[in-house]
Amino acid sequence: MKKVLITGGAGFIGSTVASALLDRGITPVVLDDLSRGRTEFVADRLFYRGDIADAALLDRIFAEHPDIDATVHCAAKIVVPESVAKPLYYYRENVAKTVELLDALQRHGCTRVVFSSSASIYAPTPDARVDESSPVDAGSPYARTKQMMEQVLQDWTRGEGAERQRVIALRYFNPIGADPQLRTGLQDLRPTHALGKLIEAHTTGTPFTVTGTDWATRDGSGIRDYVHVQDLAEAHVAALLRFDEVIAPGVADRYRVINVGTGDGTTVRELIAAFEQAVGASLEVREAGPRPGDVIGCYAVVDTARDLLGWQPRRGIAEGVADALAWRRVWSARIAVS
Ligand SMILES: NC(=O)c1ccc[n+]([C@@H]2O[C@H](COP(=O)([O-])OP(=O)(O)OC[C@H]3O[C@@H](n4cnc5c(N)ncnc54)[C@H](O)[C@@H]3O)[C@@H](O)[C@H]2O)c1
């Protein structure tokens with residue numbers, strides 16, 4: 001594997017994947033419309049600004065890089081409340097444009113795809129633990145676009161003359177942290193996920209609110225599986241390097257789902273404790289009912305990733321917190337001067 005197209009490679013996860021590929025001597029070619037991606041994240045990389053559905057641009061990319069071996073498809077609109085407000089926009093951007101992208105990949109014989117899927121498509125389970133065969137029932141338009149894209153990709157591997165078309169769908173759990181070398185990280189200084197809110201409470205001296213304290217978990221707060229984004233990026237490298245072993249060309253089933261989490265559930269209260277330990281300070285914590293759309297959450301069974309990819313997470317929550325804080329310092333200083 002020498003060269004890989006990364007859609008959405010100027011975003012949080014795609015840019016970390018691009019760095020992990022570079023570290024392994026694989027050249028990333030980034031395609032991103034910069035709707036949320038950052039030019040700073042692609043400054044030293046092969047970069048095409050544009051839309052994943054732009055057939056002419058895809059033709060140009062493959063003309064200039066006929067040696068692209070695979071595609072990592074990260075590009076998507078990802079904001080859940082926005083997807084509730086503008087569902088058609090989300091179905092067009094994520095689902096319809098993925099169809100156009102696949103058309104271009106097929107035309108250029110680029111038949112290996114690693115897809116950014118999401119644990120948010122899983123239906124709630126009684127013990128919050130999910131493996132790849134657990135039922136799916138996405139709870140928001142955003143998550144439904146991910147579920148639909150998985151279906152589109154699976155069908156793509158089954159079409160006429162599709163013997164070489166193969167997809168590994170990585171279902172990400174909750175990415176935290178940043179590239180440990182601080183090349184890239186979250187573009188947003190005020191992320192809305194729990195760790196983002198903890199950082200905000202810590203840096204501004206305001207209280208942190210636990211939303212939802214009556215869930216059927218060990219302490220009543222919601223549960224998630226926080227995976228360091230660098231570990232997540234390394235799972236992509238493993239999927240690419242082992243692609244033909246995981247799905248040989250021509251085998252009957254050419255679509256494979258793999259959970260990428262830590263295998264450990266962490267409740268919101270446990271996350272607060274881990275955060276306080278990592279920063280050496282305590283927070284003022286308040287409690288409130290769940291917000292509309294909140295769910296109990298889930299955590300991953302990660303045996304498939306271990307067995308098929310030889311991948312295991314290496315970093316814990318403390319490293320995720322430390323890297324997120326370090327990145328925030330570097331990034332806020334950088335955007336303040338630009
Ligand atoms: N961040 C998470 O918690 C999480 C969890 C599970 C799955 N995912 C998935 O991982 C992928 C990356 O997420 P992220 O957190 O890095 O988000 P992000 O917004 O940082 O990255 C997405 C990138 O795609 C680009 N993009 C969007 N639409 C495009 C289009 N039509 N053409 C070209 N580029 C386009 C954006 O500019 C952005 O750089 C997404 O597919 C997302 O659904 C993310």
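Brief remarks follow.
- Within the set 335, 258, 272, 296, the sole residue that is crowded, with 16+ Cβ neighbours inside 10 Å and at pLDDT below 95 turns out to be 296.
- Residues in segment 152-174 that are over 24 Å from residue 92 (Cβ atoms) and modelled with pLDDT under 95: 160, 161, 162, 163, 164.
- Meets criteria (more than 28 Å from residue 127 (Cα to Cα) and in contact with a Ser or Thr (Cβ under 8 Å, 6 or more places away or on another chain)) for residue 254: yes
- Set 88, 46, 21: member being more than 13 Å from the ligand (Cβ to nearest atom), in the same structural domain as residue 234 (by TED's automatic domain parsing), at pLDDT 95 or above and under 18 Å from the mean Cα position of the chain (by Cα): 21
- Any pair with Cβ under 7 angstrom, 6 or more apart, that starts in segment 22-41 at a residue that is at positive phi and ends at one that is near the ligand (Cβ under 10 Å from one of its atoms): 34/10; 34/49
- Number of the exception - residue 128 against (1) at pLDDT 95 or above; (2) buried (at least 21 other Cβ atoms within 10 Å of the Cβ): (1)
- Pick from segment 187-203, criterion within 13 Å of the ligand (Cβ to nearest atom) and crowded, with 23+ Cβ neighbours inside 10 Å, ranking: nearest to residue 291 (Cα to Cα): 194
- Of the residues in segment 169-178, none is surrounded by fewer than 21 Cβ atoms within 10 Å (Cβ to Cβ) and more than 9 Å from the ligand (Cβ to nearest atom).
- Any chance residue 30 is within 21 Å of residue 240 (Cβ to Cβ), in contact with a His (Cβ under 7 Å, 6 or more places away or on another chain) and either at pLDDT below 95 or within 12 Å of the ligand (Cβ to nearest atom) (or both): no
- Residue pairs whose Cβ atoms lie under 9 Å apart, separated by 6 or more positions or on different chains, with the first residue in segment 118-136 and closer than 16 Å to residue 223 by Cα and of a type in the set (Lys, Arg) and the second within 14 Å of the ligand (Cβ to nearest atom) and assigned to a loop (DSSP other than H, G, I, E, B), are 129/298.
- Candidates 69, 131, filtered to the one that is farther than 22 Å from residue 260 by Cα and not aliphatic (A, V, I, L, M): 69
- Within segment 137-151, the set of residues being closer than 19 Å to residue 75 by Cβ, in contact (Cβ under 8 Å) with a residue 40 or more places away in the chain and not in a helix (DSSP H, G or I) comprises just one member, 140.
- Verdict on residue 95 being in contact with a Lys or Arg (Cβ under 7 Å, 6 or more places away or on another chain), under 17 Å from residue 116 (Cα atoms) and not polar (S, T, N, Q): no
- The single condition among (1) more than 30 Å from residue 157 (Cα to Cα); (2) among the β-branched types (Val, Ile, Thr); (3) surrounded by fewer than 19 Cβ atoms within 10 Å (Cβ to Cβ); (4) touching a residue at least 12 places away in the same chain (Cβ under 8 Å) that residue 267 does not meet is (3).
- Taking first residues from segment 299-325 that are not assigned by TED's automatic domain parsing to the domain that holds residue 256 and partners that are among the aromatic types (Phe, Trp, Tyr), the Cβ contacts under 7 Å between residues at least 6 apart in sequence or on separate chains come to 299/173; 300/173; 305/311; 317/226; 320/226; 321/275.
- For segment 109-116, the criterion of being exposed (fewer than 15 other Cβ atoms within 10 Å of the Cβ), within 11 Å of the ligand (Cβ to nearest atom) and either on the phi > 0 side of the Ramachandran plot or not hydrophobic (A, V, I, L, M, F, W, C) (or both) is met by no residue.
The values are calculated or read from the model by the stated rules, or taken from the named source; none is laboratory data. Because the structure is a prediction, the values reported are computed rather than measured. Ideal geometry is used to build each Cβ from the backbone, glycine not excepted, and the neighbour counts take in all protein chains shown.
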